[in-house]
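Heads up: the structure comes next, in structure tokens.
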Amino acid sequence: MKFFFFFLFLGIPFFGFLQINPKEINQLAIQKVQQNQYQEALDLYDCYVELLPIDSAAYFDRGLVKEFMRDYRGAVADYSMQISINKECVDCYFLRGILLLKELKDFNGALEDFTQTLSLEESNADAHFYKGNIYQIYGENKKALKEYSEAINYNPNLAEYYLKRSEIYVILKKLVLSNKDKKTYNNLLINKID
């Protein structure tokens, strides 16, 4: 009965559902996301996951929709489900880490996810950066410095990395290095404006 009302809501005849394959449901969900119709997309992904519960990509996609809808705990749960099916999903660890850090303030969980991201993709500059942020929150400034330096090593063109590292240099009383990073930060911003 749930399917009947759901497909009636979408304007799809119930008996037509028997002819719709999961890939078509997935395509409809993608269209709804592109149209910013997140609730409809979520309903479609719910049906898709119900039909194909072992398709890990469906959990990732549904997690993204939940994130757009600000259902951060739901998004974390879906990224976790994808990880339980596919332990090599770098984006799942990374996105879950972002939500744990920024929205749910679970710094330990975020640190674990960024560490796992880096074990799968060492060159992920953003994961190094966020790991550095967590170490800075914890007051572990030498570890933060190492992570910010790694972020800069992998992506030397992002101004924010230099600004955060300059903060650590100030804490460590390395003012010459801090000023050098601030100068690089300003230069990158100026070049970005041009």
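Read the figures in this text as sums done on the coordinates, not as results from a lab. Worth saying up front: this structure is predicted, and the values here are computed from it rather than measured. Neighbour counts run over all protein chains shown; Cβ positions are idealised from the backbone, glycine included.
Helix 107-120 and the long axis of the chain differ in direction by around 90°, with both axes built from C-alpha atoms. Note on the range 97-170: dipole from Cβ charges, positive end direction compared against A125, N155, V170; the farthest Cα belongs to V170. When each of the peptides 163-171, 48-56 is scored by how many other beta carbons lie within 10 Å of its residues on average, the order from highest to lowest is 163-171, 48-56. Placing +1 on each Lys and Arg Cβ and -1 on each Asp and Glu Cβ, with no other charges, gives the chain a dipole about its Cα centre of roughly 940 debye. Cross-link partners for K23 among the lysines, with Cα-Cα distance under 26 Å and sequence neighbours closer than 8 places in the same chain left out: K2, K32, K66, K87.
Please find the FRET efficiency linking I30 to S80, where r is the Cβ-Cβ separation and R0 is fixed at 22 Å, and quote it to the nearest 0.05. All intermediate terms of the calculation are to be shown ahead of the outcome.
Working: r = 22 Å, r/R0 = 1.01.
With a Förster radius of 22 Å, E is 0.50.
Determine, from the Cβ-Cβ distance of E121 and I20 and an R0 of 35 Å, the FRET efficiency 1/(1 + (r/R0)^6), rounded to the nearest 0.05.
Values: r = 36 Å, r/R0 = 1.04.
Calculated transfer efficiency: 0.45.
Couplings for the range 177-183, taken from phi via the Karplus curve 6.51 cos²θ - 1.76 cosθ + 1.60 with θ = phi - 60°, read 5, 4, 5, 5, 5, 5, 5 Hz in order; Gly and Pro are left as x.
Here K105 is the anchor, and the aspartates and glutamates within straight C-alpha reach of less than 15 Å, apart from those fewer than 8 places off in the same chain, are D71, D113.
What is the chain's relative contact order, in percent, from Cα pairs under 8 angstrom and six or more apart in sequence? Each step should come with its number before you reach the end.
Values: 224 pairs, mean separation 17.9, N = 194.
Once divided by the residue count of the chain, the mean separation gives 9 percent.
In sequence order, the range 64-69 has phi-based couplings of 4, 4, 4, 5, 4, 8 Hz under the Karplus curve 6.51 cos²θ - 1.76 cosθ + 1.60, θ = phi - 60°, and Gly or Pro positions carry x. Cross-link partners for K143 among the lysines, with Cα-Cα distance under 17 Å and sequence neighbours closer than 8 places in the same chain left out: K131, K164, K173, K174.
If I take R0 = 25 Å and measure r between the Cβ atoms of K173 and N153 in this structure, what FRET efficiency does the formula 1/(1 + (r/R0)^6) give, to the nearest 0.05? Don't skip to the end; give the middle numbers.
Numbers: r = 23 Å, r/R0 = 0.92.
Efficiency at R0 = 25 Å is approximately 0.60.
By the Cβ distance rule of under 4.7 Å, the chain has these cysteines without a partner: C47. 3J(HN,Hα) couplings calculated from phi for the range 81-92 with the Karplus curve 6.51 cos²θ - 1.76 cosθ + 1.60 (θ = phi - 60°) are, in sequence order, 5, 4, 4, 5, 8, 9, 6, 9, 7, 4, 4, 5 Hz; Gly and Pro show x.
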